[in-house]
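The values are calculated or read from the model by the stated rules, or taken from the named source; none is laboratory data. Keep in mind the model is a prediction, meaning the values are calculated, not measured. No Cβ is skipped: glycine too gets one built from the backbone with ideal geometry, and neighbour counts run over all protein chains shown.
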Amino acid sequence: MWEIKSANTIIIIAPLILIGVIMLIAGFVVSPEAQTDDGHNLKLFLFVMGAIFTGSPVAMIGIMYVSNLRTLNRYKYLNQHGYRGRARIVDFNETGTEINNCPVIKFKLEIESDYKSPYVVDKKETMNLINLSKLHRDMIVDVLIDPDKPKKIMILWDF
């Protein structure tokens, strides 16, 4: 899951937005007849580039925010409407994919709960390397189970 960390986000995003705002202001100030070196309208160039430099970081923050919000809403929904269970890690393997230098792990879990007979679920999750070293087969973890779709679970890691 993506995380929005304030300091890192500001350090990366602020210069891009600042450059974009300066380009937009320059687009209003520059003469309509001015051209770039290759003969294109400078005013249009500054507006387009300013919009890209300003809009891209804002869109990126929006996407990360919505992603985090969806995960949080899913957790709230499962906490209110789902039921708790326990999962035994039958097997786990790296998929070969990494997200933010964290490997994506494919788990085979055997789910047990008071509401349903035991069943097996495959689940993919990113794990940081420190927590990955704590995993082992036959480890028991708590899970939240979606009552409508029992194969949809959320693992509640305790580390």
* To do: Quick one: count up the residues across region 35-84 that are of a type in the set (A, V, I, L, M) and within 30 Å of Ile145 (Cβ to Cβ).
  => 6
* Are any residues in region 48-62 without any contact (Cβ under 8 Å) to a residue 24 or more places away in the chain and either aliphatic (A, V, I, L, M) or under 9 Å from Leu24 (Cα atoms) (or both), and if so, which ones? -> Val48, Ala59
* Asked: Could we say that Ser113 is surrounded by 13 or more Cβ atoms within 10 Å (Cβ to Cβ), of a type in the set (Gly, Ala, Ser) and within 14 Å of Ile155 (Cα to Cα) here?
  -> yes
* Do we have any residue at all in region 57-72 that's modelled with pLDDT of 90 or more and of a type in the set (S, T, N, Q)? -> no
* Give Val104, Val120 a once-over and let me know the one that is at pLDDT 95 or above, within 20 Å of the chain's Cα centre (by Cα) and assigned to a strand (DSSP E or B). => Val104
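Say whether the condition of being at positive phi and surrounded by fewer than 16 Cβ atoms within 10 Å (Cβ to Cβ) is met by at least one residue in region 41-48.
For region 41-48, residues at positive phi and surrounded by fewer than 16 Cβ atoms within 10 Å (Cβ to Cβ): absent.
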* Flag if Leu24 is in contact with a Pro (Cβ under 8 Å, 6 or more places away or on another chain) and surrounded by 13 or more Cβ atoms within 10 Å (Cβ to Cβ) -> no
* Structure fact -> Sole miss for Phe28 among (1) in a strand (DSSP E or B); (2) free of Cβ contacts under 8 Å to residues at least 60 places away in the same chain; (3) in contact with a Lys or Arg (Cβ under 9 Å, 6 or more places away or on another chain) is condition (1)
* Asked: Within region 59-76, which residues are more than 30 Å from Ile17 (Cα to Cα) and surrounded by fewer than 14 Cβ atoms within 10 Å (Cβ to Cβ)?
  -> Lys76
